[in-house]
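Each remark here refers to the structure printed beneath this line.
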Amino acid sequence: MLKVNHVVKVFGHGTINEKTALKGVDLHLLPGDFVTVIGGNGAGKSTLLNSIAGVYPVDEGTIEIDHVNVTKLSEHRRATYLGRVFQDPMMGTAADMSIEENLALAARRGKTRTLRWYITARERREYADVLAQLELGLESRLADKVGLLSGGQRQALTLLMATLQKPKILLLDEHTAALDPKTAAKVLELSAKLIDDNQLTALMVTHNMNDAIKYGNRLIMMNEGQILYEVAGEEKQQLQKEDLIALFAKRAGDGLVSDRVLLS
């Protein structure tokens, strides 16, 4: 479903600030894979997601999504294949539009647009049904402006919008980092449910070791633009936070590790 082949990304070519953010990264995801990505500051996690999304053109290597080489495609054209949820809950929705209008935009993305803008009764029923999955009471607030929602409600709505058209790849870029622990846990549970229910292929960057272990069927650890370690299946299920700390110390040297953060 996703093939990242020997991808290299360099920032600041030829300057004193030149930095190689990705150093020949290889990562292949099969349909239905849910991969969590963890690592320290500057490890290359977000750069990897941005390269897949087309935000950053890569310097070497190729990226394929569903057997299509998208390496040279713009971010706009690549969006056809992707759903994405950012760290900032404000980024995925339009605050001045209603909940139903935001959902309509997501549902109609990539489709032919006409001069008439309206939402049918059938669409409203469909939106209410999908919103009911969130268990946040938003199904009765379709006409409310999104700007009135809390950060957690807004991020949950963004997640729903990102999965509405069942993208080839769902990218979750620290999408719970700005939420309080209780709300973050709710959004993570919802993420896993939507991924499972819709049989999506997903890549999730997180700083939380426990979340990286708990969610998904595969885990990769990055450091200095490379994948240091990968674990999957039953071995991942048996993994403990202490194992990750020890593995990082062994493979990347000592670093700043806490209960919540694996080196950023």
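The values are calculated or read from the model by the stated rules, or taken from the named source; none is laboratory data. Predicted, not measured: the structure shown is a model, and the values here were computed from it. Virtual Cβ from ideal backbone geometry, glycine too; neighbours counted across all protein chains shown. Calculation scope for accessible area: heavy atoms of the full protein, side chains included, ligands and nucleic acids excluded. Shrake-Rupley method; radii C 1.70, N 1.55, O 1.52, S 1.80 Å.
Computed over the chain with a Gaussian network model linking Cα atoms closer than 10 Å, the most mobile of 25, 205, 68 is 68. Only protein atoms count toward the accessible area here, which uses a 1.4 Å probe; on segment 120-205, the carbon and sulfur part of that area reaches 49 percent. Paramagnetic label reach from residue 249 (point 7 Å along Cα→Cβ; backbone nitrogen cut-off under 20 Å): within segment 27-56, residues 38-41. Between the Cα long axis of helix 241-252 and the first principal axis of the chain there is an angle of about 50°, rounded to the nearest 10.
Quick one: of the DSSP bridges fully inside the chain, what percent are antiparallel, nearest 5? Given both bridge residues lie in the chain, the antiparallel proportion sits at roughly 60 percent.
Near the amide H of residue 97, within less than 5 Å, lie the amide hydrogens of 146, 147, all on another chain or at least 5 residues away, with H placed in the peptide plane. For the chain, the mean projected area of the C-alpha convex hull, equal to one quarter of the hull surface, is 15.3 nm².
Accessible area per residue for the chain, computed on protein heavy atoms with a 1.4 Å probe, is 50 Å².
Where a Cα-Cα gap under 19 Å defines reach, which lysines qualify for residue 9, not counting those fewer than 8 residues away within the same chain? Those lysines meeting the cut-off are 19, 23, 45, 72.
Could you check how much of the accessible area of segment 1-93 is carbon and sulfur, as a whole percent, using a 1.4 Å probe? Before the final figure, lay out each step's value.
Details: 2320 of 4460 Å².
C and S atoms contribute 52 percent here.
Note on residue 3: aspartates and glutamates with a C-alpha under 15 Å away, same-chain residues under 8 apart excluded, are 26, 33, 60, 64, 66.
State to the nearest 20 debye the size of the charge dipole of segment 1-142 about its Cα centre, where the only charges are +1 on K and R beta carbons and -1 on D and E beta carbons. Spell out each step's value before the answer.
Working: 18 positive and 17 negative charges, 83 e Å.
With only Lys, Arg, Asp and Glu charged at Cβ, the dipole is about 400 debye.
The helix-only estimate of mean residue ellipticity at 222 nm for the chain, built from DSSP H runs of length n ≥ 4 each weighted as -39500 (n - 2.57), is -9500 deg cm²/dmol after division by the residue total. 3J(HN,Hα) along segment 150-161: 6, x, x, 4, 5, 5, 5, 5, 4, 4, 4, 4 Hz, from the Karplus curve 6.51 cos²θ - 1.76 cosθ + 1.60 with θ = phi - 60°, whole Hz, x for Gly and Pro.
Rounded to the nearest 5, what % of DSSP beta bridges with both residues in segment 72-225 are antiparallel? Kindly include the intermediate steps, with their values, before the conclusion.
Values: 1 of 9 bridges.
Antiparallel bridges make up about 10 percent of those DSSP assigns within segment 72-225.
Here the 3J(HN,Hα) profile of segment 80-94, calculated from phi with Karplus coefficients 6.51, -1.76 and 1.60 at θ = phi - 60°, is 4, 8, 10, x, 9, 10, 8, 5, 7, x, 7, 7, x, 9, 9 Hz, Gly and Pro shown as x. Shape class of segment 91-224 from the alpha-carbon gyration tensor: prolate, with a/c at 1.5 or above and a/b greater than b/c.
How do the peptides 177-184, 151-158 rank, highest first, by the average count of neighbouring beta carbon atoms within 10 Å per residue? Provide the component values of the computation, followed by the final result.
Numbers: 177-184: 14.9, 151-158: 23.1.
Answer by packing, highest mean first, reads 151-158, 177-184.
At an R0 of 35 angstrom, the distance between the Cβ atoms of residue 13 and residue 68 translates into a FRET efficiency of 0.80. Sequence-ordered 3J(HN,Hα) estimates for segment 59-74 from the Karplus curve with 6.51, -1.76 and 1.60 and θ = phi - 60° stand at 8, 8, x, 9, 10, 10, 10, 6, 6, 10, 6, 9, 3, 9, 6, 5 Hz, glycine and proline given as x. Bridgeable lysines around residue 182 (alpha carbons under 19 Å apart, same-chain partners fewer than 8 residues away excluded): 193, 214. Using only side-chain charges placed at the Cβ, +1 for Lys and Arg and -1 for Asp and Glu, the dipole size of the chain relative to its Cα centre rounds to 780 debye.
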